[in-house]
């Protein structure tokens, strides 16, 4: 299927469960699922925000998606000009608009990314790229993990370009292991039309310690991200979420589900209360993407001490400062082990090309 009609991959029926709609949104990489009837007439739209609100109302993942869909979505017509559609998006702050014909059938999907260059954003982006990657064995003996190729390009290059696609242009790469190779590949960022500077760790400082090496204090909230992640998360949404919640520190969390391969027994002392066969347990995991206000930087230790992001968040919490957790449903993969690396290469063509 060509990118021209890639929108067909996000069509779902009204009775499909919410979980399946989440998977469609995830795989499609367009941030939305379009709910249609058997004749492809548009019934509604579903975004991760709609799903998030449904989950907050305690709806189960097997609930039909029509229970959370937006039943009155704004649509465009085939004859509408690019300028008209772009005007609607900007006026109403939309990221996408379905295109329908005179019978209400979906014939396309316009996205803001297609129609407009991204807004220039001055928020800094710090990418942690100094780890050993030892769990990937021989792959990282001669190459730092951020430079391992997934698909057609290094992992770190995909991360960089995902931020550039959203208008970010000021980057810091925190480097240690085989740092010369990373610096030679990315240089000063001129190849991408952005600014890249380096935080050079004399020893490995953890997932937050190198922030103490920033040459100055940023003026705006800044991103920190691990350099071994592949994701289609929408960074401007994180900024908006962070600001709306008045947070000093925001952590991005990914919903993960695991099936317990046994019958789980509930007991009250010696008495059997219930047996649940192979239940599915859901929880949120740290996705390795953070948004921090400059005010938290004085909490970092000096003298090149090792310090992890979990340590920083604990300090923020201990002071009673506001924090937030941004749950997202977009594609996300932490390339920590060899199976993750193989999976990334299998999924890259579908998700990123």
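Each value in this text was obtained by applying a stated rule to the coordinates, not by laboratory testing. A quick note: this is a predicted structure, and the numbers were derived from the prediction, not measured. Counting neighbours? That spans all protein chains shown, and the Cβs are built from the backbone with ideal geometry, glycine included.
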Regarding segment 296-339, what is the average projected area of its C-alpha convex hull, in nm²?
5.2
Suppose we keep just the DSSP beta bridges with both residues in the chain; what percent of those would be antiparallel, to 5?
60
Have a look at the DSSP beta bridges in segment 3-115 and tell me what percent are antiparallel, nearest 5.
75
Compare 60, 237, 271 in a GNM of the chain, Cα atoms joined below 10 Å, and give the one with the largest fluctuation.
271
Dividing the mean separation of Cα pairs under 8 Å (6+ apart) by the residue count of segment 176-236 yields a relative contact order in percent of 24
Euclidean distance of C-alpha centroids, segment 259-274 and segment 279-353, integer Å:
33
How would 143, 252 line up from fewest to most surrounding beta-carbon atoms within 10 angstrom?
143, 252
What is the Å³ per residue value for the convex hull set by the Cα atoms of segment 133-177?
79
Under the definition of Cα pairs under 8 Å and six or more residues apart, what whole-number percent is the relative contact order of segment 121-352?
25
Just need the relative contact order of segment 208-310 here, percent rounded to a whole number, with Cα pairs under 8 Å and 6+ apart.
43
Do the sum for the chain: with -39,500 (n - 2.57) for every DSSP H run of n ≥ 4, divided by all residues, what is the mean residue ellipticity at 222 nm, to the nearest 500 deg cm²/dmol?
-7500 deg cm²/dmol
Out of the DSSP beta bridges found with both residues in segment 86-228, what percent are antiparallel (nearest 5)?
30
In square nanometres, what is the average projected area of the Cα convex hull of segment 11-61?
3.3
Could you tell me the extents of segment 228-287's C-alpha atoms along the three principal axes, largest first, rounded to whole Å?
51, 27, 16
Could you line up 48, 142, 26 from fewest to most neighbouring Cβ atoms inside 10 Å?
142, 26, 48
Gyration tensor (Cα only) of segment 3-115 to equivalent ellipsoid, semi-axes in Å sorted down, yields 23, 15, 12
What does the highest-first list of 287-297, 174-184 look like by mean Cβ count within 10 Å?
287-297, 174-184
Which log10 I(q)/I(0) values does segment 121-352 give at q = 0.12, 0.13, 0.16 Å⁻¹ under the Debye formula, counting every alpha carbon as one identical point scatterer?
-0.70, -0.81, -1.16
Could you give P(r) for segment 62-174, binned at 10 Å from zero, as whole percent values over all Cα-Cα pairs?
11, 26, 22, 23, 14, 3
